[in-house]
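Asks: After the C-alpha cells below, expect a handful of questions from me.
None of the figures in this text is laboratory data; all of them are computed from the coordinates on show. None of these values were measured; they are calculated from a predicted model. We place every Cβ from the backbone using ideal geometry, glycine too, and count neighbours over all the protein chains shown.
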Amino acid sequence: MKVAILGSGNVATHLSKVLIKAGHPVKQIWSRNHENAIDLALEIGANSIPDIGEIGKEIELIIVAIKDDAIAEVINKIPQNSQALIFHTSGTADLDLLSKRFENCGVLYPLQTFSKNSDIDFSIIPIFVEGSNSYSIEKVTNLANQISEKVIYADSKTRALLHISAVFACNFTNAFYTIAQEITDSVNLDFDLLRPLIQETADKAMLNQPKDVQTGPAKRNDLQIMQKHLKLLENEPQLKDLYQSISQYIVKMYSK
Ligand SMILES: NC(=O)c1ccc[n+]([C@@H]2O[C@H](COP(=O)([O-])OP(=O)(O)OC[C@H]3O[C@@H](n4cnc5c(N)ncnc54)[C@H](OP(=O)(O)O)[C@@H]3O)[C@@H](O)[C@H]2O)c1
C-alpha cells in the first residue's frame, strides 16, 4: 500500500521505517511543524507536504500518529473525497473519532514505548487492531501481521483500559525513576547505583506475578520507617502525597 503519515514524532518515525521494510512505501509526511516533516521525510526518502490537502490521490493508507488531543482537528482537514484507508495509532482515542467521518478506517495500536532514537524490534510488539467494517478489519489485521508476530483485536474500550495498564507499567514507572534520580542527585550520589535494583525489579516482574515479588516498607507494613520517610519528604509536599498514597495502596493490597 502507498502510505501517507500524519505526524513526525516517535511513533510516526518507527512506524514509517517498519512499513517501508515490510514493502509499503511511505510517500508523504505531514507534520504540524513543517520542518519536522521535512526531517523525517529526508530520513526515510519520502516527500514532505506542508498542507494535509496535498495528500496524493495515489495514497491508499493514511496513518495518523499525532498527539491524541489533536486527532479530531487534524482528520477534519483530510480531503473528504480521499479514497484512502485511515488508521490512527492511539491507545485511547475511540475508533468513532475516525468512523464518524470515514467509512473505511481502523486503529493500529502498538503496545510499546517508542522514542525516536531508540532502536526497536517491531516483530515482538503486540499490536491491537480495530476496524470500522470487515474490509477495514481485514486490512488493518493484514498490515499488523506483516510487521508483528502478535496481533490482537480489541474494541475501543478494551484498548483504553489496556492503555491505562501501560501507563502504570511504563509511564508512571519511568516517572518514578526520574524522582529516584532527583533524590540521589540531592545527596550527590550517582543514579547508576540504582541500576542493578531497577534491573532486578524488571527481571522479577518478567519471571513472576508482580504481586508475588513486592518488597519494601509498605509491603511489610513497617509503620515507623514510613513515618520517617514522610518526615524526610516534609519539604516536598507532592512527593510526600505520592509516597503516602502508594504506600497506603500497597498496605491495603497485602492486608487482604
Ligand atoms: N510514544 C509511544 O510510546 C506511543 C506508543 C503507542 C501509541 N502511541 C500513540 O501514537 C500517537 C503519537 O504519539 P508519539 O509518542 O509519536 O507523539 P510525539 O512523539 O510526542 O509526537 C507528537 C506528534 O503530534 C504532532 N502534534 C502535536 N500537537 C499537535 C497539534 N495541536 N496539531 C497537530 N499535530 C500535533 C507533533 O507535530 P510537530 O512535532 O510537528 O509539532 C508530532 O508529530 C499518539 O496517539 C500516541 O498515543 C504512542
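Asks: Counting pairwise Cα distances across the stretch 67-183, what percent come out greater than 24 angstrom?
Replies: Value for the stretch 67-183 (Cα pairs over 24 Å): 32 percent.
Asks: While we're looking at this one, here's another question. Where both residues lie in the chain, what percent of DSSP beta bridges are antiparallel, nearest 5?
Replies: In the chain, DSSP labels about 20 percent of beta bridges as antiparallel.
Asks: Okay, moving on. For the stretch 227-253 and the stretch 145-197, compute the distance between their C-alpha centroids and round to whole Å.
Replies: 20
Asks: I need the phi-derived Karplus couplings for the stretch 142-159: 6.51 cos²θ - 1.76 cosθ + 1.60, θ = phi - 60°, integer Hz, Gly and Pro marked x.
Replies: My calculation for the stretch 142-159 gives 4, 5, 4, 5, 7, 10, 9, 8, 10, 10, 10, 7, 9, 6, 4, 5, 4, 4 Hz in order.
Asks: Residue by residue through the stretch 71-79, what is 3J(HN,Hα) from phi via Karplus (6.51 cos²θ - 1.76 cosθ + 1.60, θ = phi - 60°)? Round to whole Hz and write x for glycine and proline.
Replies: Result, ordered by residue: 4, 4, 5, 6, 5, 5, 8, 6, x Hz.
Asks: Based only on other Cβ atoms within 10 Å, what is the fewest-to-most ordering of 134, 156, 8?
Replies: Placing the least packed residue first, the sequence is 134, 156, 8.
Asks: Show the residues, 5+ positions off or on another chain, whose built amide H is closer than 5 Å to the amide H of residue 105.
Replies: 86, 132, 133
Asks: If you scale each eigenvalue of the Cα gyration tensor by 5 and take the root, what three semi-axes come out for the stretch 3-154, rounded to whole angstrom and sorted largest first?
Replies: 20, 19, 14
Asks: Sort 107, 213 so that the residue with the fewest other Cβ atoms within 10 Å of its own Cβ comes first and the one with the most comes last.
Replies: In order of increasing Cβ crowding within 10 Å: 213, 107.
Asks: Measure up 219/256; 21/77; 231/252 against 19 Å on the Cα-Cα distance and list the ones that go over.
Replies: In this structure, 21/77; 231/252 exceed 19 Å between Cα atoms.
Asks: Can you give the calculated 222 nm mean residue ellipticity of the chain, where each DSSP H run of n ≥ 4 adds -39,500 (n - 2.57) and the sum is split over every residue, rounded to the nearest 500 deg cm²/dmol?
Replies: -13500 deg cm²/dmol
Asks: Given R₀ = 25 Å, FRET efficiency for residue 149-residue 213 by Cβ-Cβ distance, to 0.05?
Replies: 0.35
Asks: From largest to smallest, what semi-axes in whole angstrom does the chain give when each is the square root of 5 times an eigenvalue of its alpha carbon gyration tensor?
Replies: 42, 20, 17
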